[in-house]
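Nothing in this text is a laboratory measurement; each read-out follows from the coordinates by a stated rule. Remember, it's a predicted structure, so these values are computed and weren't measured experimentally. In this analysis, Cβ positions are derived from the backbone assuming ideal geometry, glycine residues included, and neighbour counts consider all displayed protein chains.
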Amino acid sequence: MCRSIKRLREGDVPATETEIREAALQFVRKVSGYRAPSKRNEDASNGAVDEVADASRRLREAVSRSA
C-alpha cells in the first residue's frame, strides 16, 4: 500500500505516541491524496488523523494482549 508509513510493531518495542500520530497522518495523506489539506478541509483532515491514531492505538493494545 504505502511504504512510507512506518511499521508500528517491531517485536517487543512499543510504538510511541508520536510514531502512531505520524503513521496516521501519512495514512490520511495517502487516502486523501493531499500533502496538506486546504483551510476548508483542515478540520476534517485533523479529525481523520485523530480517528486513525485512536484506531491504531486500540489495535496495538489488542494485539499485544493476545500475544
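Would you be so kind as to identify which of Ser32, Asn46, Ser66 lies farthest towards the positive end of the dipole of the chain, taking Lys and Arg as +1 and Asp and Glu as -1 on Cβ and the Cα centre as origin?
Farthest towards the positive pole: Ser32.
Which value in nm describes the separation of the simple spin-label points at Ser38 and Val63, placed 7 Å from the Cα toward the beta carbon?
3.6 nm
Using the reciprocal of the averaged 1/r over all distinct C-alpha pairs, how large is the Kirkwood radius of the chain in Å? Show your work: numbers first, answer last.
Working: mean 1/r = 0.0790 Å⁻¹.
Result for the chain stands at 12.7 Å.
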